[in-house]
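A.B. asks: Here's a structure for you.
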Amino acid sequence: QVQLVESGGGLVQAGGSLRLSCAASGRGFRIYDMAWFRQAPGKEREFAAVFRWSGDNTYYEDSVKGRFTISRDYAKNTVYLQMDSLKPEDTAVYYCAADKDYGGNYYYAGKYDYWGQGTQVTVSS
């Protein structure tokens, strides 16, 4: 099995930046797509960004596009989310997700096989 551990969350003022990290560990595992989802209180978990195995393409939810950047270090089994120009509406628990298969709808939470425990991001106004 694969274990994902997120880090880097915290409290930041609007307009500030945070960098989240997600490290994968386990034995005999192989992961393809890795993504970030977020969930605000009382809301459904929503897609934020994905780093796809095929072609190393990245895709973003419209509200974060241009502000967030997802990157991946295969050697370190780590995916990052650089968040700039943060807004109060970005406040949520951010979850790292990984898929043991490739393809499928990257924005669909059910596609992913492994999930981290989440890291809290709070943006104050």
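The values are calculated or read from the model by the stated rules, or taken from the named source; none is laboratory data. These figures come from a predicted structure and were not determined experimentally. Because the Cβ atoms are built from the backbone with ideal geometry, glycine has one as well, and the counts that use them run over all protein chains shown. These accessible areas exclude ligands, DNA and RNA; they are computed on the full protein's heavy atoms, side chains included. Shrake-Rupley method; radii C 1.70, N 1.55, O 1.52, S 1.80 Å.
A.B. asks: Need the failing condition index for Gln82 against (1) farther than 19 Å from Leu4 by Cα; (2) part of a strand (DSSP E or B); (3) open to solvent by 50 Å² or more (accessible area, probe 1.4 Å), just the number.
C.D. replies: Failing condition for Gln82: (1).
A.B. asks: Name the single residue, out of those in region 5-51 being part of a strand (DSSP E or B) and without any contact (Cβ under 8 Å) to a residue 40 or more places away in the chain, that is most open to solvent (accessible area, probe 1.4 Å). Outline the logic, then answer.
C.D. replies: Initially, region 5-51 is screened for residues part of a strand (DSSP E or B), giving 5-7, 10-13, 18-26, 34-39, 46-51.
Next, only the ones that are without any contact (Cβ under 8 Å) to a residue 40 or more places away in the chain stay: 26, 46, 49, 51.
Working: Gly26: 39, Glu46: 68, Ala49: 0, Phe51: 21 Å².
Residue satisfying both the conditions and the ranking: Glu46.
A.B. asks: Restricting attention to region 58-75, does a residue exist that is within 17 Å of Thr122 (Cβ to Cβ), of a type in the set (Phe, Trp, Tyr) and either in a loop (DSSP other than H, G, I, E, B) or within 15 Å of the chain's Cα centre (by Cα) (or both)?
C.D. replies: Within region 58-75, one or more residues are within 17 Å of Thr122 (Cβ to Cβ), of a type in the set (Phe, Trp, Tyr) and either in a loop (DSSP other than H, G, I, E, B) or within 15 Å of the chain's Cα centre (by Cα) (or both).
For (1) hydrophobic (A, V, I, L, M, F, W, C); (2) part of a loop (DSSP other than H, G, I, E, B), each residue gets a yes or a no:
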{"position": "Leu86", "(1), (2)": "yes, yes"}
{"position": "Glu89", "(1), (2)": "no, no"}
{"position": "Val93", "(1), (2)": "yes, no"}
{"position": "Cys96", "(1), (2)": "yes, no"}
{"position": "Lys100", "(1), (2)": "no, yes"}
{"position": "Gly103", "(1), (2)": "no, yes"}
{"position": "Tyr106", "(1), (2)": "no, yes"}
{"position": "Gly110", "(1), (2)": "no, no"}
{"position": "Thr122", "(1), (2)": "no, no"}
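A.B. asks: Okay, next question. Quick one: what pairs do we get from region 98-112, first residue open to solvent by 30 Å² or more (accessible area, probe 1.4 Å), second among the β-branched types (Val, Ile, Thr), C-beta under 8 Å, 6+ apart or different chains?
C.D. replies: Partner pairs satisfying both residue conditions: Lys100/Val2; Lys100/Ile31; Tyr106/Val50; Tyr107/Val50.
A.B. asks: All but one of (1) within 18 Å of Tyr107 (Cβ to Cβ); (2) under 11 Å from the mean Cα position of the chain (by Cα); (3) charged (D, E, K, R) hold for Lys43, so report the exception by its number.
C.D. replies: Condition (2) is where Lys43 drops out.
A.B. asks: Another question, if that's okay. Output the number of residues of region 9-41 satisfying the condition of being closer than 23 Å to Arg52 by Cβ, of a type outside the set (S, T, N, Q) and out of contact with any Leu (no Cβ under 8 Å at 6 or more places or on another chain).
C.D. replies: The qualifying residues number 11.
A.B. asks: Of all residues in region 52-75 being more than 12 Å from Met34 (Cβ to Cβ) and of a type in the set (D, E, K, R), which is least open to solvent (accessible area, probe 1.4 Å)?
C.D. replies: Selected residue: Arg67.
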